[in-house]
Amino acid sequence: MMISKTAIPRRTLLRGLGATLALPLLDAMVPAMSALANTAAKPFNRFGVVYVPNGMIMANWTPAAEGAAFDFTPTLSPIAGFRDQLLVVSGLNCVPTPGRPGGAHAKASTRFLTDVSPPTSETLLDAGTSMDQILARELGKHTQLASLELAIESSDTAGACDQGFACAYTNTICWRSANTPLPTQNNPRAVFERLFGDSGSTDPTTQLARIKHERSVLDSVTEEVARLRRTLGPGDGAKLSEYLEAIRDVERRIQMAEEQNGRELPLVDHPAGVPASYEDHVKLMFDLEVLAYQCDLTRVITMMLGREFSGVTYPQIGVPDAHHPISHHQNEAEKVARVAKINAYHVQLFSYLLEKLRTTPDGDGSLLDHMIVMYGAGMADSNAHSPYNIPIVLAGGGAGQLKGGRHLRFKDTPLANLHLTLLDRFDVRQERLGDSTGRLDDHLLSGV
């Protein structure tokens, strides 16, 4: 790490007309005296969630061997290159709260982070506070945004909800309180505006006018960027250039998608949102997520690759069937194979996020070194709506608190126990969460 003579504040912001641009961690933000004392700034931990709907083909997911000797299964093979920073976790249950029957899909998404089952009601909202929001209350004290709730499908047009249950239970996995679900955002432009824009209004007409008036967030802070460059060393200058180019690329892709959406297109099967391609949409949202982490706008982000009851089709991988109906495969070999294709495709997209995190510098490591990402589904076998042994993978180094390269197998353990243990990794202490019965063995996650 090369330290310049002049230190700049960690929360330096570049301001332009209608835009505020945060910066990534630069060497110049580490005080020179700290470098002389050989004590670099301690990296802070971040948290992410990637949720997939409609269960899993567990035979293609779960490794046979435990510990470091496990082999990657067909579904997990796309992330084999990240072995040293992965923990596959088996044997965790997401069992419904007693006295609250039905609603397997509503329960799957709601319990995934709250560990509380919703009641049978189309109007009553009653869940627990999700663990991401417990984290956000603390970590949000240090960032511009407490958290980001992202999705690929629009909750307005995504389709059916679980019979007898309010749609909020399938539209989100994040709950600020037992009665307050947090809406997700699937429009990349809206996310970009939230991170970097400041139009003063959420009215689409007002936002569009600002977009046309300002060609780019970067264009609006050009003078500020030029001034800053003169104070930076060569290493920081290169890091800043890479960061600004990433923002420029995201802007360009959003604008291109918006232009394409304005054309008359033939009717095709694709999820609602921008852009039209599911894969392009996911990657663009993941890029926005990485930018948000990189400039420390927030340290808590959740992403739903689909909502429960998702009817998205995947013809690009040879699965033209709607996801939810085919997830009830009745053990028919051809249908099982198609669902397994969808499962593996989602993991392949997850690998894109992991690669972006791994190749994005952060202090003396990468973003992936300094975060924990929880990937999984709220139910296991989709055909049976099983809440037992749900699929979970933890990725990242957790700022030195996670040791990967292992398959950890538990027995009849509540998912809530994992949540409590993860909260401890951020020095956020909760005595109980949902149906928790304690914590996981701390040494198992750290490997010490």
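The values are calculated or read from the model by the stated rules, or taken from the named source; none is laboratory data. Quantities reported herein were computed from a predicted structural model and do not represent experimental measurements. A quick note on method: Cβ atoms are made from the backbone with ideal geometry, for glycine too, and the neighbour counts reach across all protein chains shown.
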Confirm whether residue 136 is out of contact with any Gly (no Cβ under 7 Å at 6 or more places or on another chain), in contact (Cβ under 8 Å) with a residue 40 or more places away in the chain, in a helix (DSSP H, G or I) and of a type in the set (Gly, Ala, Ser).
yes
Determine which member of the set 408, 440, 445, 433 is without any contact (Cβ under 8 Å) to a residue 60 or more places away in the chain, over 19 Å from the mean Cα position of the chain (by Cα) and either part of a helix (DSSP H, G or I) or buried (at least 18 other Cβ atoms within 10 Å of the Cβ) (or both).
440
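For region 83-104, how many residues meet the condition of being modelled with pLDDT of 95 or more and in contact with a Gly (Cβ under 8 Å, 6 or more places away or on another chain)? Even if it seems obvious, please write down each step before you answer.
So in region 83-104, the residues modelled with pLDDT of 95 or more come out as 83-93.
Those still in the list that are in contact with a Gly (Cβ under 8 Å, 6 or more places away or on another chain) too: 83-87.
Residues that pass the stated criteria total 5.
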Flag if residue 367 is surrounded by 18 or more Cβ atoms within 10 Å (Cβ to Cβ), touching a strand residue (DSSP E or B) at 6+ places or on another chain (Cβ under 7 Å) and touching a residue at least 24 places away in the same chain (Cβ under 8 Å)
no
Go through 339, 312 for me and flag whichever is part of a loop (DSSP other than H, G, I, E, B), assigned by TED's automatic domain parsing to the domain that holds residue 112 and among the aliphatic types (A, V, I, L, M).
312
Scan of region 364-405 for residues that are assigned to a helix (DSSP H, G or I) and touching a Gly at 6+ places or on another chain (Cβ under 6 Å), ordered by number
368, 369
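Can you tell me which of 72, 82 is without any contact (Cβ under 8 Å) to a residue 24 or more places away in the chain, assigned by TED's automatic domain parsing to the domain that holds residue 390 and in contact with a helix residue (DSSP H, G or I) (Cβ under 8 Å, 6 or more places away or on another chain)?
The unique qualifying residue is 72.
Step by step: first the residues of region 383-405, then only those that are among the polar types (S, T, N, Q) and closer than 29 Å to residue 101 by Cβ, then the one that is nearest to the chain's Cα centre (by Cα). Which residue is that?
Residues of region 383-405 that are among the polar types (S, T, N, Q), as a first pass: 383, 386, 389, 401.
Now narrow it down to the ones that are closer than 29 Å to residue 101 by Cβ: 383, 386, 389.
Values: 383: 26, 386: 24, 389: 22 Å.
Residue satisfying both the conditions and the ranking: 389.
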Looking at region 306-314, is at least one residue on the phi < 0 side of the Ramachandran plot and without any contact (Cβ under 8 Å) to a residue 40 or more places away in the chain?
yes
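Among the candidates 55, 103, single out the residue that is surrounded by 24 or more Cβ atoms within 10 Å (Cβ to Cβ), more than 22 Å from the chain's Cα centre (by Cα), assigned by TED's automatic domain parsing to the domain that holds residue 128 and in contact (Cβ under 8 Å) with a residue 40 or more places away in the chain.
Values: 55 fails: more than 22 Å from the chain's Cα centre (by Cα).
Just a single option satisfies the conditions, and that option is 103.
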Checking the condition modelled with pLDDT under 90 and not aliphatic (A, V, I, L, M), which residue from 188, 181 passes?
188
